[in-house]
1. Could you grab the pairs with beta carbons closer than 8 Å, sequence gap of 6+ or different chains, first residue in segment 247-260 and more than 10 Å from Ile38 (Cβ to Cβ), second one surrounded by fewer than 21 Cβ atoms within 10 Å (Cβ to Cβ) and charged (D, E, K, R)?
2. Checking Ile217 against (1) of a type in the set (Val, Ile, Thr); (2) in a loop (DSSP other than H, G, I, E, B); (3) modelled with pLDDT under 95: exactly one of these is not met. Which one?
3. How many residues, within segment 59-76, are away from the ligand (no atom under 16 Å from the Cβ) and modelled with pLDDT of 95 or more?
4. Got a sec? Which of Glu202, Glu225, Glu207, Glu220 is under 27 Å from Phe72 (Cβ atoms) and within 14 Å of the ligand (Cβ to nearest atom)?
5. Limited to segment 131-141, what total is found for residues that are within 11 Å of the ligand (Cβ to nearest atom) and farther than 22 Å from Thr89 by Cα?
6. Can you name the number of the only condition in (1) modelled with pLDDT under 90; (2) surrounded by 14 or more Cβ atoms within 10 Å (Cβ to Cβ); (3) among the β-branched types (Val, Ile, Thr) that Ile274 fails?
7. With respect to Tyr251, is the statement that it is away from the ligand (no atom under 11 Å from the Cβ) and not basic (Lys, Arg) true?
8. What residue, of Ala179, Ala185, is modelled with pLDDT of 95 or more, more than 12 Å from the ligand (Cβ to nearest atom) and assigned to a helix (DSSP H, G or I)?
Amino acid sequence: MKLLYPFAKRFIAGPDLRTALPAIHSVKESGYYSSIDILGESVTTRPQAEAAKTEYLKLFESLCSINHSFDFSIKLSQLGLDIDRSFCTENLKQLARAMGQHTIRIDMEGSAHTQNTLEICEKVHKTYPHIGQAIQAYLFRSENDVRRCIDNGISIRLCKGAYKESPEVALQSMDKIRASFFKLACQLLKDGYQPAIATHDENLLVELLDFIRHEKIDPESFYFEMLYGVRRDIQRILKDKGYRVRVYIPYGSAWLPYTLRRLAEKKENLLFVITHLFRETFGLRKLR
Ligand SMILES: Cc1cc2nc3c(=O)[nH]c(=O)nc-3n(C[C@H](O)[C@H](O)[C@H](O)COP(=O)(O)OP(=O)(O)OC[C@H]3O[C@@H](n4cnc5c(N)ncnc54)[C@H](O)[C@@H]3O)c2cc1C
């Protein structure tokens, strides 16, 4: 799987904190907000979950010492959700306690984790209001989940959803997913607490910008959020228009599952990987 790393490099800031820091700095210097994610998920032992927590604490310390404004993103399965729910909740609380005012936004994983994730978020949010939650527009349940998070003052990052889900739980057609995203995004823009609109879909963004202008939504009341290495052109255009754009910056050695999800999202990505492998295997280089 090392062969996929040249592709992964486009989407991750580095395999460790030292290599990721210049990218984190550069995103900040370019006028973007950032949410930093240490790659990792589905851990199966307590020491692995403890190690993930320690990595986040180290990251936090090193960013504090360089006086950078930042948020964090994390997956609950990285903190031990598949091992023991109270252990995972305790790990999240420890991070929230240590990180103070910095938002920790919980990524949403596959639908087997949705209910537990939302319940843990809601519970921890009561004591640590800087916990936020990602919600996936493709799930049928999300309309209720968005309403509930709004009522509880939980900040939401709305995305389409990156996991393969069955027709029993999730919309399957892109048109319907887009329509659901638009509806939920409008609701969040009007009633949500500092929501993040997380998409690179230009058609959706154009429609949402119309909505934002028409409804006179305050640009300081929400963020656009995009993935590191994806559609930097759109990130810049939105920033230049005066909107706050947050870049989700992943780094770390466990880059494979994240990379495979990015690979699945666009067929050109697959072509990039195949071309790269072909060139490397057959020595088809221009530089000799
Ligand atoms: C900040 C952020 C956080 C996210 N967090 C979660 C989460 O917690 N849980 C979850 O399930 N999903 C998450 N996602 C992923 C999301 O669910 C989608 O899978 C992903 O964003 C692609 O959907 P899209 O809305 O950008 O639209 P698409 O229609 O897929 O893409 C629109 C355009 O964006 C560009 N693009 C999109 N993806 C890629 C790519 N991989 N490579 C190259 N170009 C690309 C292309 O130009 C494409 O035409 C997150 C996405 C973002 C932006």
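The values are calculated or read from the model by the stated rules, or taken from the named source; none is laboratory data. Remember, it's a predicted structure, so these values are computed and weren't measured experimentally. Quick reminder, even Gly has a Cβ in these numbers, built from the backbone with ideal geometry, and neighbours come from all protein chains shown.
1. Pro257/Glu41
2. Failing condition for Ile217: (3).
3. The number of residues fulfilling the criteria is 0.
4. Glu225
5. The qualifying residues number 3.
6. Tallying (1) modelled with pLDDT under 90; (2) surrounded by 14 or more Cβ atoms within 10 Å (Cβ to Cβ); (3) among the β-branched types (Val, Ile, Thr), Ile274 fails exactly one: (2).
7. Yes; evaluated as a whole, the condition is true for this residue.
8. Step by step, each of Ala179, Ala185 is checked, and only Ala179 is modelled with pLDDT of 95 or more, more than 12 Å from the ligand (Cβ to nearest atom) and assigned to a helix (DSSP H, G or I).
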